[in-house]
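Colleague: A single structure is presented below for examination.
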Amino acid sequence: MINIALDGPAGSGKSTIAKAISKKLNILYLDTGAMYRALGLSAYRLGVDTKDAVAVEKILPNVDVRVKYENGSQRTYLGEEDVSEKIRENHVSMLASNVSAHQCVREKLVELQREIAKGTDCVLDGRDIGTHVLPNANYKFYVTASLEERTERRYKELIAKGQTVDKNALKEEIATRDYNDSHRKFAPLRQAEDAIYLDTSDMTADEVVAFVVSKIK
Ligand code: DC
């Protein structure tokens, strides 16, 4: 059994690495951020203040976040609705970060994540995979990059999808999200003691993937 944990701040390149590894090793990839995004989107649609733990807890029993695999890649659903594209809209990032701070949300989604990962060779990316979701993962990586580089990457990604974003606002938003994600009370973003630290600021995606694969082999 192989379990790989990839953690790090927004835009550090985790999902690019995870996708490449999943393909190379033919193992399942679970993007856990997508689940927080779906829940954040659902709260927003219901008119709930995503920072209000009590209000979010009230809607939780009726929020049906599902993950399916279609042609080998993850699709994220709210009930029967495929929200895989919707959750990539930039405004959903902060909604996801907000709801992810609440213990009730983390308990619900972590249970689902462990259920999906159980008994399966897999790579998971997120914020708390190595520290909390899969503490016994065989390989753990903490992937980061400078704020400037991460902003640049996220900016390019959003522009390529046809979204309009202001680069300075994006940079500020990423910094705020990093701060919130690493300072929340429950399972904050931090490097697991046994994780390999990787700063990808000056590396190409191919170099990063090659490095991670070399550690796994
Ligand atoms: O990886 P991402 O940018 O799609 O994640 C969106 C938000 O979800 C992120 O700001 C914090 C939260 N998140 C989390 O708290 N724990 C995870 N394992 C994954 C994401």
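Colleague: Using unit Cβ charges (K, R positive; D, E negative) and no other charged atoms, how large, in debye to the nearest 20, is the dipole of the stretch 136-217 about its Cα centre? Intermediate values should be presented prior to the final figure.
Modeller: Details: 14 positive and 15 negative charges, 69 e Å.
Roughly 340 debye for the stretch 136-217.
Colleague: Pairs on different chains or at least eight residues apart, Cα atoms closer than 19 Å: how many lysine pairs in the stretch 39-155 fit? Present the calculation step by step, with values, prior to reporting the outcome.
Modeller: Numbers: Lys51/Lys108; Lys58/Lys108; Lys68/Lys86; Lys68/Lys108; Lys68/Lys118; Lys108/Lys118; Lys118/Lys140.
Lysine pairs meeting the criterion: 7.
Colleague: Output ³J(HN,Hα) for the stretch 167-176: one whole-Hz value per residue in order, computed from phi by the Karplus curve 6.51 cos²θ - 1.76 cosθ + 1.60 with θ = phi - 60°, and x for Gly and Pro.
Modeller: Values per residue, Gly and Pro as x: 5, 5, 5, 5, 4, 5, 5, 5, 5, 5 Hz.
Colleague: Taking a label point 7 Å from the Cα of Thr164 along the Cα→Cβ vector, which residues of the stretch 82-121 have an amide N closer than 16 Å to it?
Modeller: Within reach of a label on Thr164: 90-91.
Colleague: Related question: Would you work out if the stretch 83-164 is rounded, prolate or oblate? Take a ≥ b ≥ c from the square roots of the eigenvalues of the alpha-carbon gyration tensor; rounded if a/c is under 1.5, else prolate when a/b is larger than b/c, oblate otherwise.
Modeller: On the way: a/c = 1.98, a/b = 1.52, b/c = 1.30.
Verdict is prolate for the stretch 83-164.
Colleague: Now a separate question. For the stretch 37-137, rounded, prolate or oblate, judged on the Cα gyration tensor with a ≥ b ≥ c (square roots of eigenvalues), a/c < 1.5 rounded, else prolate if a/b > b/c?
Modeller: On the way: a/c = 1.82, a/b = 1.31, b/c = 1.40.
Note, shape of the stretch 37-137 comes out oblate.
Colleague: Here's another thing I want to ask about it. So how do Ser182, Ser42, Ser214 line up by other beta-carbon neighbours within 10 Å, fewest first? Provide the component values of the computation, followed by the final result.
Modeller: Working: Ser182 12, Ser42 25, Ser214 8.
Starting with the residue having the fewest Cβ neighbours, the order is Ser214, Ser182, Ser42.
Colleague: Let me know the charge dipole size of the chain about its Cα centre in debye, to the nearest 20, where only the beta-carbon of Lys, Arg (+1) and Asp, Glu (-1) is charged. Display every interim value, and only then the final one.
Modeller: Values: 32 positive and 33 negative charges, 50 e Å.
Using only the charged Cβ atoms, the result is roughly 240 debye.
Colleague: Dipole of the stretch 79-134, Cα-centred, from +1 at each Lys and Arg C-beta and -1 at each Asp and Glu C-beta, to the nearest 20 debye?
Modeller: Numbers: 7 positive and 11 negative charges, 56 e Å.
Once rounded to the nearest 20, the dipole reads 260 debye.
Colleague: Could you give the semi-axes, largest first, of the ellipsoid that matches the stretch 122-216, computed as the square roots of 5 times the alpha carbon gyration tensor eigenvalues and rounded to whole Å?
Modeller: Three semi-axes, in Å: 25, 18, 11.
Colleague: From the square roots a ≥ b ≥ c of the eigenvalues of the alpha-carbon gyration tensor of the stretch 1-46, which class results: rounded (a/c under 1.5), prolate (a/b over b/c), or oblate? Write down the numbers at each step before the final one.
Modeller: Details: a/c = 2.89, a/b = 2.05, b/c = 1.41.
The shape class here is prolate.
Colleague: Which one of Leu134, Val105, Ala175 is farthest out on the positive end of the charge dipole of the chain, using unit charges on Cβ (Lys, Arg +1; Asp, Glu -1) and the Cα centre as origin?
Modeller: Going by the Cα projections, it comes out as Leu134.
Colleague: Run through the stretch 143-217 and list the GluC sites (Glu not before Pro) located in a DSSP loop whose Cβ has at most 11 other Cβ atoms within 10 Å. Intermediate values should be presented prior to the final figure.
Modeller: On the way: sites: Glu148, Glu149, Glu152, Glu157, Glu172, Glu173, Glu193, Glu207; in loops: Glu193.
Passing both the DSSP loop test and the Cβ count: Glu193.
Colleague: Next question. Can you compute 3J(HN,Hα) from phi for each residue in the stretch 80-92, using the Karplus curve 6.51 cos²θ - 1.76 cosθ + 1.60 with θ = phi - 60°, rounded to whole Hz and x for Gly and Pro?
Modeller: Along the stretch 80-92, the couplings run 8, 8, 7, 10, 3, 7, 3, 5, 8, 5, 4, 5, 6 Hz.
Colleague: While we're looking at this one, here's another question. According to a simple spin-label model (label point 7 Å from Cα along Cα-to-Cβ), what is the distance in nm between Arg190 and Arg114?
Modeller: Inter-label distance under the simple model: 2.0 nm.
Readers should treat all values here as calculations from the given coordinates under stated rules, not as data from a laboratory. Model, not experiment: these values are computed from the prediction. Cβ sites come from the backbone with ideal geometry, for glycine too, and all protein chains shown count toward neighbours.
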